[in-house]
Amino acid sequence: MDDAIDLQEELDPERFEALLEVIPDEDAREIRRLMQYPKGSVGRIMTERFFEVGPETTMTQLLADLRTASQDKYESVNDVFVLDGAGFLQGIFSLRKALRADPSTTAKELMNKEVVVASVTEPDEDAARRMAKYGFYGLPVLDDRGRMLGLFTGDDAQTIIREAETRDVLA
């Protein structure tokens with residue numbers, strides 16, 4: 001979706017709107033949601049397709065979901081995000097940890113409660129540098145109340161850092 005938003009900057013508004021009319025409605029709605037965030041913000045380029053579970057989800061249930069999910073349900077499945085019923089981030093754990101756990105173990109038993117996050121409105125370059133500093137594959141993106149809205153992915157972070165470094169060299 002972030003690539004579609006980049007395309008918006010290349011096309012005139014009427015042409016971009018026409019494009020949104022011919023793509024699947026769900027995709028068009030996601031693009032419009034992301035475009036509401038400021039240019040250069042994490043929210044503008046996050047993905048809304050991340051792997052989330054509830055605190056009581058067992059590893060058996062988690063793995064069953066992964067096996068039966070459509071190919072495009074999740075953009076990245078390196079980490080599992082534990083959210084409560086209202087969408088507030090409770091913790092995180094790696095898929096590797098899930099695979100190695102006893103099948104009856106719950107998400108709340110595995111999760112790390114101290115999570116490095118990004119704010120939906122913070123500059124994407126700041127979040128990208130923080131992600132690189134810690135070597136993360138992605139950062140959960142939260143609104144100002146702590147609800148998880150999306151995932152800022154490593155590939156987007158690399159692109160942002162590369163573009164920033166190019167700007168610095170050319171300046």
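So here's what we get for this one:
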item	result
Looking only at the range 129-144, and only at residues there that are over 13 Å from Gly43 (Cα atoms) and assigned to a loop (DSSP other than H, G, I, E, B), the one that is most open to solvent (accessible area, probe 1.4 Å)	Tyr137
Tally, over the range 39-81, of residues that are small (Gly, Ala, Ser) and over 28 Å from Ala28 (Cβ atoms)	2
One residue from Ala128, Ala101 being in contact with a helix residue (DSSP H, G or I) (Cβ under 7 Å, 6 or more places away or on another chain) and closer than 17 Å to Leu63 by Cβ	Ala101
Some residue of the range 145-167 being assigned to a loop (DSSP other than H, G, I, E, B) and either touching a strand residue (DSSP E or B) at 6+ places or on another chain (Cβ under 6 Å) or surrounded by fewer than 17 Cβ atoms within 10 Å (Cβ to Cβ) (or both)	yes
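The values are calculated or read from the model by the stated rules, or taken from the named source; none is laboratory data. On a predicted model such as this, the values are computed, not experimentally measured, just so you know. No Cβ is skipped: glycine too gets one built from the backbone with ideal geometry, and neighbour counts run over all protein chains shown. Side chains are part of the model used for accessible areas, which takes the heavy atoms of the whole protein and leaves out ligands, DNA and RNA. Shrake-Rupley method; radii C 1.70, N 1.55, O 1.52, S 1.80 Å.
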